[in-house]
Each structure stands twice: as structure tokens, then as C-alpha cells.
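Encoded as C-alpha cells, here's the structure I'll be asking about.
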Amino acid sequence: MSSHRFGSFLVAAACAFVSMAASAHAILLDSTPKPNGTLAAGHVQMMFKYNSKIDQHRSRLVLIGPDKTETVLTIVADSKSNELDTSADLTPGAYTLRWQALALDGHITRGDLPFTVVAKQ
């Protein structure tokens, strides 16, 4: 194999490896609430959409309230395969949603999503 072909092979192999590694983690693409967003107080539907299918039974959503108490939220059983959906009754204050998503390939990703709840107008 010539050095040019071997070099091309190495570049192609490296690109394939990087592509596989990038797709192995569940990356948060969209959410309700938005990061640093604002919601009205009351019963709130929440959605966290990822770039890959999620094992919803072994993923986790924890709501940290204004008083720093932590509540594990129930994930809706019939959520789309790439979403974690839940709901909660929220009062005004600063919250953080701590998520842990397990992609079907076994890789776990985690993150915090801060948001604010304001009184209904």
C-alpha cells in the first residue's frame, strides 16, 4: 500500500471512530423549560429531547427546588424514544433540573438545567 493510500486510510478510520464516539452519548437537544428560561407557576409539563434513544427506565430526573430540596420526578412511560417527559407542580422560585440520560448503547450523560418559575399573571 502506498503511503498516500495508507494516509487516506488512517484519516478515514479516524473519522469513522470519531463519528461512532460522538453518537454514543445522549446529548440534550431541546427542552421545556429552556436553560435559564422562565415558566409560569402551576402544573408544568416538562420535556427533555436527546439526539439518541434513551433507556427511560434507568434514566433519572431530579428537581432541586428553591429551598434546595431534591425530588425525583417520575418519567412518563409512553415518552418518545428519544425523550424524557415529566410534570410537576411548581411554585415561584429558582429551580434546577438535574438530568441523567442513559443512551441505549449504555453511555450515561448528565447535566443541570437551571430555570425560574414566576407567579401567574
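No value in this document is a laboratory result; all are computed from the given coordinates. Because the structure is predicted, anything quoted here is derived from the model rather than measured. All Cβ positions, glycine included, derive from the backbone under ideal geometry; neighbour counts span all protein chains shown.
Where nothing but the Cβ of Lys and Arg (+1) and of Asp and Glu (-1) is charged, how large is the charge dipole of segment 26-118 around its Cα centre, in debye to the nearest 20?
Approximately 160 debye in magnitude.
With a 10 Å radius around each residue's Cβ, average the other Cβ atoms per peptide and rank 35-42, 84-91, 102-109, highest first.
Result, highest mean first: 84-91, 102-109, 35-42.
If you build the Cα gyration tensor of segment 26-118 and take the root of 5 times each eigenvalue, what three semi-axes come out, in whole angstrom, biggest first?
Here the semi-axes work out to 22, 12, 12 Å.
Same structure again: For the pair D78/D30, report the inter-label distance in nm, with labels modelled 7 Å from Cα in the Cβ direction.
Going by the 7 Å Cα→Cβ label model, 2.1 nm.
Given R₀ = 35 Å, FRET efficiency for A41-I108 by Cβ-Cβ distance, to 0.05?
About 0.65, to the nearest 0.05.
Computed FRET efficiency, Cβ-Cβ of S87 and R58, R0 30 Å: what is it to the nearest 0.05?
E between S87 and R58, to the nearest 0.05, is 0.90.
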